[in-house]
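Notes follow once the structure below has been shown.
The values are calculated or read from the model by the stated rules, or taken from the named source; none is laboratory data. Note that this is a predicted model, so its numbers are computed, not measured. We place every Cβ from the backbone using ideal geometry, glycine too, and count neighbours over all the protein chains shown. Just the protein is used for accessible areas: all its heavy atoms, side chains included, with ligands, DNA and RNA removed. Shrake-Rupley method; radii C 1.70, N 1.55, O 1.52, S 1.80 Å.
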Amino acid sequence: MSGNNDSDISTDYSNNDSFTTEQNNLNAYLNSIRMLYIIGYFIICTLGLVLNFSVIIAGSYYHRNYDTGKWVLGLAGTHLICSAFLPLQLLYSWNYFNWHYGTALCKVSSYIFYASLFSTAGILTLWSVSNGIGKNKCTIFGHSSAVLIMILCSWTFAAVLSIPSLYSRELRMTFLGEQCIDDYDLNDEKTTKDGKRNLTIVVCYRFLVGILIPAFLISICYCCERSYKECKNEKQITCLVKVSFFVCWTPLLLMGLLQLNNHANVTGLSVATVLAAAHCCVNPVIYLLMSRDIKMNWINPTQ
């Protein structure tokens, strides 16, 4: 009898040791992801706020009368707003993925993040269209005031296209605590089918409108631009700005598609999220590295 008890006790100790090991591995894994978010968001937020604000000041003072200057200011304004909400995600990671800032800010932070996606995609696409068609003596796109209208349209459409983020983002209790996550009711048998359909629609239209359509239109417009003379430095910088947008956002949106089939990796998704957020600070870095001047004289066609 005592032998059986000893056997049971040893089995319990073995199970406890196994549980403790798994728990320690999970904590180490979550802590590595947490540090990725903290370091990534801190760098992105700092650069995004400082550099985009500097671009707005410099652009407003030196280049507000040039069409390229208006496009640059539109992008900088979009990215400045997105950078201003990143500290919430930084604090969220700092607090071990426990959200303490209410449901409203949980929804708005996700809304601003994806609004920045659609706004940037819209501005870059219309910028390319205005260059491709405007240089062909089109009276509508060739008029300077049309640039402001197109930027406002990009912001408006972005505000509308990001509305699903307000509905899907919720506060939910998990083993980590109260988390701010996308909730499509996939764990509820009664609503799993509808939730899966809604998730599929949202993920697909984000990829279609945020990446595929802009890439298609920008490529066509680039082909139209090649036959026209343009400042070499300006063309290089604008090309890098467009390429950097797709490099930053494509991995995250592809991860969303993989998530539909449960093929997404948590670590890959975390890295892709930080990379997508990095689009907020990439453009000013490109301006500084390529022009080596905070005044951004490459915008001035007479330079």
If F85 satisfies all but one of (1) over 19 Å from P284 (Cβ atoms); (2) without any contact (Cβ under 8 Å) to a residue 40 or more places away in the chain, what's the number of the condition it fails? (1)
Please determine whether any residue of segment 41-64 is part of a helix (DSSP H, G or I), over 26 Å from L90 (Cα atoms), of a type in the set (F, W, Y) and at pLDDT 70 or above. yes
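Examine segment 222-233 for a residue that is touching a helix residue (DSSP H, G or I) at 6+ places or on another chain (Cβ under 6 Å), open to solvent by less than 60 Å² (accessible area, probe 1.4 Å), modelled with pLDDT under 80 and assigned to a helix (DSSP H, G or I), and state whether such a residue exists.
yes
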